[in-house]
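First up is the structure itself, then whatever we jot down about it.
Any read-out appearing in this document is the output of simple, stated calculations on the displayed coordinates, not a laboratory observation. Bear in mind that the values here come from a model prediction, so they are computed numbers and not experimental data. Cβ placement follows ideal geometry from the backbone for every residue including glycine, while neighbour counts extend to all protein chains displayed.
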């Protein structure tokens, strides 16, 4: 069982819909990440939060809007997505950005399909 | 620019065999190298993390080695089982600990 929990597991939405992906961890980690993974490709980093503040935005389009309400929760708000945004969205956490030899722990992801 | 390569892209072996998965990287200035496992449609599970000062790490039937000077890492799986079937990815951490540079993965199939 993963220690990083993501909901929902699957999401189908139209291009005009607004939806949110949720991620939760209770390991006391201070860094949290959003990744996008297309089929048969490695994950691509989207956002990094450190101590609940956005530290890294890897030039992600504004139709993806991250939010970190507290140290255990990470959301990804979706609006006006395109079909090419269909992918597996993975959340991860680690002890902290200053901890160079600690692994990232991943959730099982949300499979997103844009109609 | 760091590049990470995993060969082969796919591997199929009979159950019970010992096997080795390969990962190579072009720049030896790394903090660590990690091996992950991904089951179809699932997230990634961290298997082993080798710090740049270490030569190997072991967990159960898994043993990962690191040779920084030659830019190589191997993941050795002993006595393979059908449950080991998955895609195995390696990733290096270089100038920051959040930016992982990934290989494309090796899809492993263990035949009963």
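Peptide B:82-92 is shielded by partner chain Cβ atoms: per residue, an average of 1 of them sit within 10 Å of its Cβ.
Annotation: peptides B:86-95, A:66-75, ranked by per-residue average of other Cβ atoms within 10 Å with the highest first, follow the order B:86-95, A:66-75.
Distance from the Cα centroid of the stretch A:61-88 to that of the stretch A:1-41 is 8 Å (rounded to whole angstrom). The relative contact order of chain B comes to 37 percent, based on Cα pairs under 8 Å that sit 6 or more residues apart. The simple Förster model, with R0 at 25 Å and r as the Cβ-Cβ distance, assigns residue A:53 and residue A:80 a FRET efficiency of 0.45. When only Cα pairs below 8 angstrom with a gap of at least 6 residues are kept, chain A shows a relative contact order of 38 percent.
Here A:22, A:9 are placed in order of increasing Cβ neighbour count within 10 Å, fewest first, which gives A:9, A:22. Computed over the protein assembly as shown, the P(r) curve from all C-alpha pair distances, binned at 5 Å from the origin, holds 1, 7, 14, 18, 18, 16, 12, 8, 4, 1, 0 percent per bin. Over the stretch A:9-50, the ratio between the Cα radius of gyration and 2.2 N^0.38 Å evaluates to 1.44. Only Cα sites of chain B enter the Debye sum here, all with the same form factor; the resulting log10 I(q)/I(0) across q = 0.09, 0.16, 0.19, 0.20 1/Å is -0.21, -0.66, -0.93, -1.02, listed in q order. Beyond 17 Å, what share of the Cα-Cα pairs of chain A is found? Please give it as a whole percent. Value for chain A: 51 percent of Cα pairs lie more than 17 Å apart. Distance from the C-alpha centroid of the stretch B:97-112 to that of the stretch B:65-88: 9 Å, rounded to the whole angstrom.
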